[in-house]
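Note sheet for the following structure.
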Amino acid sequence: MMSQHVIVAECRDGKLRRVSLEAIAAAKGCMADGDRLAAVLLLGSDGAGEAAAASATAKLLAQHGTDEVIVIDHPSLGRYAPQVHLAALLEAAKALAPEARWWLGHTAIGRDLAPRLAARLGAGQVSDALAAARGADGRIVFTRALHAGKALERRAFLPGYPTIVTVRPNNFAPAAIVAGAAAPIRSLPFTPPQSHTIVCDVVRRASGTVDLAEARIIVAGGRGVKSAAGFAPLAELAALLGGAVGASRGACDAGYCDYALQIGQTGKTVTPDLYIACGISGAVQHLAGMSRSRVIVAINKDPDAPIFSVADYGIVGDLFEVVPALIDGLSSEL
């Protein structure tokens, strides 16, 4: 039986987020012959310039192998407001198959929207999927982490119901542009709810232009950084590598950096290609947020620090000597 997969595309600062392309790849990897793939794009264009950028984003989605792109463009969607964005997705749902499988990124917005959408559609939900594959019986099996990554759970949905899935960033290779692909783009009218929250302004606290959740390279500091000024060489190394800066809870609690950078069980979960842990002891709470990184490099003065037990490469030494040496060596190579 034919199924419809729906990608809820997410933009940030007018650009399509990488995790949306990863969601397309995840959905494609689970599709059977005859299945269809649609993308839903919610935009808040206000002016000719933003409308042109919105059109370019829709065309980009159409080039990645989708069968259809549904665009809902209204000024009320410019800043994320749960009631408004949920109402827009419900309008899109009316134009799609009632038993569709919805794919969202496991981002701040995706984590907020997915359960709301599941409740309204009477759908099952799997959050933070690390992998997805079609089983021998035709059902799609999703893998997610439990107990701070100590165990893996595999789940499959019963047939006949809509389903909602959020995928963890950096766990699927992003979908590539399909040569000659040009899916039809359909616009839907939208009237926001009469009563809803209006977001007047957004204040972001970040260390740079690279989103920590989607960063391919992360340089993280712990209590061993000793001060806010101690994060300066880490930021320099991250900028040199085109990565982002993260931190352990200990560094955040000590006031060395903002909690927006916290990685761990009570912070963000990241899966970069390269994770450089500087002055981080390796408490289990921190490991829960980064242990699935593809390559882990640990820099610590204590040779018995727990972080070395999960590291692929370890450097026993003073980070204030090692990090500048790395910067000097990379600067001469790049």
Q. For the stretch 146-163, which residues satisfy the criterion of being in a strand (DSSP E or B), out of contact with any Asp or Glu (no Cβ under 7 Å at 6 or more places or on another chain) and within 29 Å of Ile217 (Cα to Cα)?
A. Ala151, Leu152, Glu153, Arg154
Q: Check every one of the strands (runs of 3 or more DSSP E) wholly within the stretch 165-278 and list those with 3 or more residues that are modelled with pLDDT of 90 or more and surrounded by 19 or more Cβ atoms within 10 Å (Cβ to Cβ).
A: 217-221, 244-247, 274-278
**Q.** Qualifying residue in the stretch 136-143 (condition: surrounded by fewer than 16 Cβ atoms within 10 Å (Cβ to Cβ), in a helix (DSSP H, G or I), without any contact (Cβ under 8 Å) to a residue 60 or more places away in the chain and of a type in the set (Gly, Ala, Ser))
**A.** no
Q. Restricting the stretch 288-333 to residues that are of a type in the set (A, V, I, L, M, F, W, C), closer than 15 Å to Arg223 by Cα and not in a loop (DSSP other than H, G, I, E, B), which is farthest from the chain's Cα centre (by Cα)?
A. Phe320
Q) When the stretch 71-109 is examined, which residues are found to be among the β-branched types (Val, Ile, Thr) and within 24 Å of Cys30 (Cβ to Cβ)? A) Thr107, Ile109
Q: Check whether at least one residue in the stretch 58-71 is at negative phi, of a type in the set (A, V, I, L, M, F, W, C) and surrounded by fewer than 16 Cβ atoms within 10 Å (Cβ to Cβ), and report yes or no.
A: no
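The values are calculated or read from the model by the stated rules, or taken from the named source; none is laboratory data. Keep in mind that this is a model prediction, so the values were computed, not measured. Positions of Cβ are backbone-derived with ideal geometry, glycine not excepted, and every protein chain shown enters the neighbour counts.
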